[in-house]
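The values are calculated or read from the model by the stated rules, or taken from the named source; none is laboratory data. What you see is a predicted model; the values in this text were computed from it and never measured. Don't worry about glycine lacking a Cβ; one is built from the backbone with ideal geometry, like all the others, and counts go over all protein chains shown.
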Amino acid sequence: MFKVEKASRIKELPPYLFVTIDKLKEEQIAKGVDIIDFSIGDPDIPTPSNIIDRMKYAIEDRKNHRYPSYEGMIEFRMAASKWYKRRFNVDLDPKEEVLSLIGSKEGIAHISLAFVSPGDIALVPDPAYPVYSIGAKFAGGEPFFLPLLKENKFLPDLKKIPEPIARKAKLIFLNYPNNPTASVANREFFEELIEFAVKYNIIVCHDAPYTEIYYDGATPISFLEIKGAKDVGIEFHSLSKTYNMAGWRVGFAVGNADVLKGLGGIKTNVDSGLFQAIQEAGIEALEGDQSSVDKMRKIYQQRRDVLMDGLMEIGLRPEIPKASFYIWAPVPNGHTSASFSTHLLNRAGIVTTPGNGFGDYGEGYIRMALTVSKDRIIEGIERLKDVGI
Ligand SMILES: *Cc1c(COP(=O)(O)O)cnc(C)c1O
């Protein structure tokens, strides 16, 4: 009999930790429960119409029907470079220091193939977006996890990384504003990071899709704003969150030219670039009217305020997020992430993400995404008040 045998890298994947909650959710839906889903890290607001109009136009253009260039259209890379200049005052050479990506996840998943050899170490935060460690493992590397603790403002303590580990490490992944903890990094942290990266010759991969989702006017910084950053690393950026374009698959990486060449070298052998019509829509996003971004921020801010007030009232006391669209809430005493998440689902029809799904140090938390309308958030809070925690 023919047998489909999976490769060890697939067999060794960590178990998918959201299986239980997904199953319970299906059960509730099957029972006809009106679910309020706070587990989705995917913007619910539509893509701005100027971007859609540009796409409609670009898709008619026959030159866009052919294979795109591997590194991305120069016009798209120029738009990304100018956007970085306007937003962060960072100078980038569009030819050498910008690479287009089929969504930033694509670049994050591939970067380890360029720089991690079997047996090498990649430094990965915990809790974190799972792609950092999985990409490193797919390359044959070993992730070494850096705990993100509340008492350290959810920043890794670089001084605690053992010397032999630092020496074997090729990459360090970081993500600020952070998913799932909603924390932001400051200048001092990035300066320390650059010093650490130089000392041990470790490439910094900073994942920054949430820089435009911030509250109270406190704009997050880019890693590349810091002196010396471009010598040691790159930053991943995405249009998914800023312009509500998650389904379009468009992002880019910026920074160190040699690092980008390495990533590009993997990509030329795996994909054939990003649909040019989408790149044209991306140019419109980056260079066109930005009022939609302001409107989006106002929507998230309203939702954040309503949800935070409600959570405080029922006695959950999460830290108030400064950026990103997540609330990282500690579970009440006596609960685990999974038991509390299950409690909220079965008793109130509210879906949250158990924190341990993002790593061991996520235990004791749940994540709630602000991708739910204000009315539904209010409804959710009413239910929580009835049910109690
Ligand atoms: C949403 C998200 C991304 C962006 O992914 P795209 O592939 O660009 O859609 C990257 N990193 C984190 C941490 C995210 O939450």
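The table below gives the values:
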{"item": "Residue match in the stretch 13-29 (condition: at pLDDT 95 or above and of a type in the set (S, T, N, Q))", "result": "no"}
{"item": "Residue selected from the stretch 164-184 under the condition closer than 22 Å to residue 227 by Cβ and either surrounded by fewer than 24 Cβ atoms within 10 Å (Cβ to Cβ) or of a type in the set (Phe, Trp, Tyr) (or both), by the criterion nearest to the chain's Cα centre (by Cα)", "result": "176"}
{"item": "Cβ pairs under 7 Å, 6+ apart, first in the stretch 249-270 and over 13 Å from residue 108 (Cα atoms), second within 16 Å of the ligand (Cβ to nearest atom) and in a strand (DSSP E or B)", "result": "255/233; 255/234; 255/235; 256/233; 256/234"}
{"item": "Enumeration of residues in the stretch 169-207 that are in contact with an Asp or Glu (Cβ under 6 Å, 6 or more places away or on another chain), farther than 20 Å from residue 319 by Cβ and not charged (D, E, K, R)", "result": "206"}
{"item": "Hits in the stretch 238-287 - residues which are within 23 Å of residue 91 (Cβ to Cβ), within 16 Å of the ligand (Cβ to nearest atom) and over 20 Å from the mean Cα position of the chain (by Cα)", "result": "279"}
{"item": "Scan of the stretch 177-201 for residues that are of a type outside the set (Phe, Trp, Tyr) and in contact with a helix residue (DSSP H, G or I) (Cβ under 7 Å, 6 or more places away or on another chain), ordered by number", "result": "180, 192, 193, 194, 197, 198"}
{"item": "Criterion (within 27 Å of the chain's Cα centre (by Cα), in the same structural domain as residue 98 (by TED's automatic domain parsing), among the basic types (Lys, Arg) and farther than 30 Å from residue 307 by Cβ) met by exactly one of 66, 54", "result": "54"}
{"item": "Of all residues making up the stretch 56-77, the number that are part of a helix (DSSP H, G or I) and crowded, with 19+ Cβ neighbours inside 10 Å", "result": "3"}
{"item": "Residue count for the stretch 95-141, restricted to those that are among the small types (Gly, Ala, Ser), assigned to a helix (DSSP H, G or I), under 21 Å from residue 8 (Cβ atoms) and more than 10 Å from the ligand (Cβ to nearest atom)", "result": "4"}
{"item": "Top-ranked residue of the stretch 46-68 - restricted to ones that are among the hydroxyl-bearing types (Ser, Thr, Tyr) and over 29 Å from residue 325 (Cα atoms), ranked as nearest to the ligand (Cβ to nearest atom)", "result": "67"}
{"item": "Residue match in the stretch 6-20 (condition: crowded, with 16+ Cβ neighbours inside 10 Å, part of a loop (DSSP other than H, G, I, E, B) and touching a strand residue (DSSP E or B) at 6+ places or on another chain (Cβ under 6 Å))", "result": "no"}
{"item": "Output for the stretch 147-157, where each listed residue is touching a helix residue (DSSP H, G or I) at 6+ places or on another chain (Cβ under 8 Å) and either surrounded by fewer than 19 Cβ atoms within 10 Å (Cβ to Cβ) or closer than 25 Å to residue 113 by Cβ (or both)", "result": "147, 149"}
{"item": "Single residue of the stretch 331-342 satisfying the filter (without any contact (Cβ under 8 Å) to a residue 40 or more places away in the chain and of a type outside the set (A, V, I, L, M, F, W, C)) that is nearest to residue 208 (Cα to Cα)", "result": "337"}
{"item": "Yes/no for residue 299 being modelled with pLDDT of 95 or more, at negative phi and in a strand (DSSP E or B)", "result": "no"}
{"item": "Single condition residue 144 does not satisfy, out of (1) within 16 Å of the ligand (Cβ to nearest atom); (2) part of a strand (DSSP E or B)", "result": "(1)"}
{"item": "Some residue of the stretch 239-246 being assigned to a helix (DSSP H, G or I), without any contact (Cβ under 8 Å) to a residue 60 or more places away in the chain and among the small types (Gly, Ala, Ser)", "result": "no"}
{"item": "Output for the stretch 338-371, where each listed residue is touching an Asp or Glu at 6+ places or on another chain (Cβ under 9 Å) and within 16 Å of residue 149 (Cα to Cα)", "result": "355, 356, 358, 359, 360, 361, 362"}
{"item": "Restricting the stretch 25-45 to residues that are of a type outside the set (Gly, Ala, Ser) and within 16 Å of the ligand (Cβ to nearest atom), the residue that is farthest from residue 286 (Cα to Cα)", "result": "38"}
{"item": "Scope the stretch 115-135; condition buried (at least 20 other Cβ atoms within 10 Å of the Cβ) and either among the hydroxyl-bearing types (Ser, Thr, Tyr) or more than 29 Å from residue 365 (Cα to Cα) (or both); matching residues", "result": "115, 116, 129, 132, 133"}
